[in-house]
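The values are calculated or read from the model by the stated rules, or taken from the named source; none is laboratory data. None of these values were measured; they are calculated from a predicted model. Ideal geometry is used to build each Cβ from the backbone, glycine not excepted, and the neighbour counts take in all protein chains shown.
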Amino acid sequence: MIVFLLACLLTYNAEPVGMSGSATFQRGRYNTFGFLVDRTASSWQKESVTWLLNGIQYKQVFGLDVGDMDTWARLVHAPMYILFNVAVGGGWPGLPNYRTTFGKNSSMSVDYVAVYNS
């Protein structure tokens, strides 16, 4: 299960609606994750952020969905960075318990990372 990067980005940028969501992926195989920021629209309300899993769109948010130009600008017009994290515990998803997987079965294997700008 992955949680949209959107939840973190919009919370950091004081997005008032609290948008989030999730998508399920198959464990034990390589998956591709994509994050597309489209700023080609004529207005900030029509700009979009799209999340892809294995080439299939699973979430899209438009500036109009956020509803605030300053918040949207902080989200999509500011520099971004990539963070890879296999974390255990904390406020989300909570403290480790009997269902928590540790060791090799909780690892992340990254074949490559690419950033494209056009």
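The single condition from (1) surrounded by 16 or more Cβ atoms within 10 Å (Cβ to Cβ); (2) at pLDDT below 80 that residue 14 fails is (1).
Quick one: would you say residue 72 is out of contact with any Ser or Thr (no Cβ under 7 Å at 6 or more places or on another chain), surrounded by 11 or more Cβ atoms within 10 Å (Cβ to Cβ), part of a helix (DSSP H, G or I) and of a type outside the set (Gly, Ala, Ser)? Write out each step before concluding.
Numbers: out of contact with any Ser or Thr (no Cβ under 7 Å at 6 or more places or on another chain): yes; surrounded by 11 or more Cβ atoms within 10 Å (Cβ to Cβ): yes; part of a helix (DSSP H, G or I): yes; of a type outside the set (Gly, Ala, Ser): yes.
So residue 72 passes the test.
Residue 37 falls short on exactly one of the conditions (1) surrounded by fewer than 12 Cβ atoms within 10 Å (Cβ to Cβ); (2) at pLDDT 85 or above, and that condition is (1).
With the requirement that a residue be of a type in the set (Val, Ile, Thr) and within 15 Å of the chain's Cα centre (by Cα), what does the stretch 61-112 give you?
61, 76, 82, 86
You will find that of 85, 105, the residue that is of a type in the set (S, T, N, Q) and either touching a helix residue (DSSP H, G or I) at 6+ places or on another chain (Cβ under 6 Å) or modelled with pLDDT under 75 (or both) is 105 and no other. Pairing each residue of the stretch 78-89 that is in a loop (DSSP other than H, G, I, E, B) with any residue that is of a type in the set (A, V, I, L, M, F, W, C), provided the two are 6+ apart or on different chains, yields C-beta distances under 6 Å for 86/108; 89/95.
Every residue in the stretch 94-118 that is of a type in the set (D, E, K, R), in a loop (DSSP other than H, G, I, E, B) and under 18 Å from residue 84 (Cα atoms), please. Write out each step before concluding.
First, the residues of the stretch 94-118 that are of a type in the set (D, E, K, R): 99, 104, 111.
The next check asks that each one be in a loop (DSSP other than H, G, I, E, B); those that pass are 99, 111.
111 - this is the single residue of the stretch 94-118 that is of a type in the set (D, E, K, R), in a loop (DSSP other than H, G, I, E, B) and under 18 Å from residue 84 (Cα atoms).
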